[in-house]
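Report on the following structure.
The values are calculated or read from the model by the stated rules, or taken from the named source; none is laboratory data. As the structure is a prediction and not an experimental result, all values here were calculated from the model. Glycine gets a Cβ as well: all are built from the backbone with ideal geometry, and neighbour counts include every protein chain shown. For accessibility, only protein heavy atoms count, side chains too; no ligands or nucleic acids. Shrake-Rupley method; radii C 1.70, N 1.55, O 1.52, S 1.80 Å.
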Amino acid sequence: MTVVAVIAAVLLSFAAIGTAYRVLAGPSTLDRVVGIDSLMAIAASGLAVWAAYSNDTTVVPAIVALALVGFLGSAAVTRFRVRDDR
């Protein structure tokens, strides 16, 4: 199980680095919103990997909270965003 957790952590780290680049270099607001939403999903996945590795279920509410905040944040930004100048 340790090998699987390490591989998952490395892959999630690479995904977080790539997504952070997309957030920083995104040409539009919606690119950045999608990137932030993806970072929230990656963080929730990292917590799920940690919960499975450590057999600790106390982080499950944090996973649910991250998923809820990510969804609501994305929905709010797309609802009230200002058009990008092009």
Subset tally (residues that are in a helix (DSSP H, G or I) and open to solvent by 60 Å² or more (accessible area, probe 1.4 Å)) for segment 20-31: 4
Restricting attention to segment 48-63, does a residue exist that is closer than 26 Å to ARG81 by Cβ and of a type in the set (A, V, I, L, M)? no
Counting just the residues of segment 40-86 that are in contact (Cβ under 8 Å) with a residue 24 or more places away in the chain and in a loop (DSSP other than H, G, I, E, B), which one comes out most open to solvent (accessible area, probe 1.4 Å)? VAL82
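Per-residue answers, yes or no, for (1) open to solvent by less than 50 Å² (accessible area, probe 1.4 Å); (2) part of a helix (DSSP H, G or I); (3) at pLDDT below 95; (4) more than 22 Å from ALA76 (Cα to Cα):
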{"position": "LEU12", "(1), (2), (3), (4)": "yes, yes, no, yes"}
{"position": "GLY18", "(1), (2), (3), (4)": "yes, yes, yes, yes"}
{"position": "VAL33", "(1), (2), (3), (4)": "yes, yes, yes, no"}
{"position": "SER38", "(1), (2), (3), (4)": "yes, yes, yes, no"}
How many residues are of a type in the set (A, V, I, L, M, F, W, C), touching a helix residue (DSSP H, G or I) at 6+ places or on another chain (Cβ under 8 Å) and closer than 22 Å to ILE63 by Cα when one looks only at segment 5-33? 9
